[in-house]
Amino acid sequence: MTIRVVIADDHRVVRDGLCYLLGQEADIEIAGEAGDGRQTVDVVAATRPDVLLLDLYMPGLDGHAVLAALHAAPHRPAVVVLTSATDDEHLVRAMRVGATSYLLKTASAEHVIAAVRDAAAGTASLSPELLTRLTQALRRPPPPDPLQPLSPRERDVLRLIALGHSNRQIARELAIGEQTVKTHVRSILTKLALQDRVQAAIFALRQQADSGEHRP
């Protein structure tokens, strides 16, 4: 069986090298290439590969956003992350969002080829070092929720503040009085030690980004 692969990396020289490397293998076919995150999603949809070889650092949508987009896509290839990101945060986040394997760009050519074949067969591939780090990171207790002090209604209000809604718009959206909205806003600022609505909006957007949440 031929393994069809899409290569996504914003450096042309890296893509050329990987195309040459994988193209030498009789059972591997290069189905497409992409130089940014949005193009990656489009190429995967158009070519329906078995494996996506994905860098995390790319313009537009980064690799994590690509993984999130593919999670809900009609065709979801196995994903081998090949990146220079060595920290535990990137490793854990990528594996949680759906990466099959995670390799550093220092990996040998043989390891990359083996990871592609393993991914196509549904088998994960991690170096012993990365496997140990992933296990340790998953055992750590999660960080405290920065929004924990807020009530569910206050979280709703904060979300709408982040969308740029006025108090009147928030009141209409949540079917509550405008004075009630003002009370919630004051409570949010006090509980989160923020000075104004602008800081509240920035705070909310940062939390969405950190959690990988994407809203229209």
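A few notes on this one:
- Selection within the stretch 1-45 - assigned to a strand (DSSP E or B), small (Gly, Ala, Ser) and touching a Gly at 6+ places or on another chain (Cβ under 9 Å): Ala8
So that you can scan it fast, the table gives a plain yes or no per residue for (1) modelled with pLDDT under 95; (2) more than 21 Å from Lys105 (Cα to Cα):
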| site | (1), (2) |
| --- | --- |
| Ile7 | no, no |
| Arg15 | no, no |
| Leu21 | no, no |
| Leu61 | yes, no |
| Ala72 | yes, yes |
| Arg76 | yes, yes |
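- The condition of being under 19 Å from Ser127 (Cβ atoms), out of contact with any helix residue (DSSP H, G or I) (no Cβ under 6 Å at 6 or more places or on another chain), assigned by TED's automatic domain parsing to the domain that holds Leu130 and crowded, with 18+ Cβ neighbours inside 10 Å holds for Val79.
- Taken together, the residues in the stretch 2-18 that are touching a strand residue (DSSP E or B) at 6+ places or on another chain (Cβ under 7 Å) and loosely packed, with under 14 Cβ neighbours inside 10 Å amount to 1.
- Test: Ala99 is among the hydrophobic types (A, V, I, L, M, F, W, C), within 14 Å of the chain's Cα centre (by Cα) and in a loop (DSSP other than H, G, I, E, B): yes
- Counting only residues that are surrounded by fewer than 22 Cβ atoms within 10 Å (Cβ to Cβ) and more than 13 Å from Val14 (Cβ to Cβ), the stretch 34-49 holds 10 of them.
- Pair list, Cβ under 7 Å, 6 or more apart: the stretch 168-197 residue free of Cβ contacts under 8 Å to residues at least 24 places away in the same chain, other residue of a type in the set (Val, Ile, Thr) and assigned to a helix (DSSP H, G or I): Ile170/Val157; Ile170/Val181; Ala171/Val181
The values are calculated or read from the model by the stated rules, or taken from the named source; none is laboratory data. For clarity, every value in this text was computed on a predicted model and none was experimentally measured. Cβ: placed from backbone, ideal geometry, glycine included. Neighbour counts: every protein chain shown.
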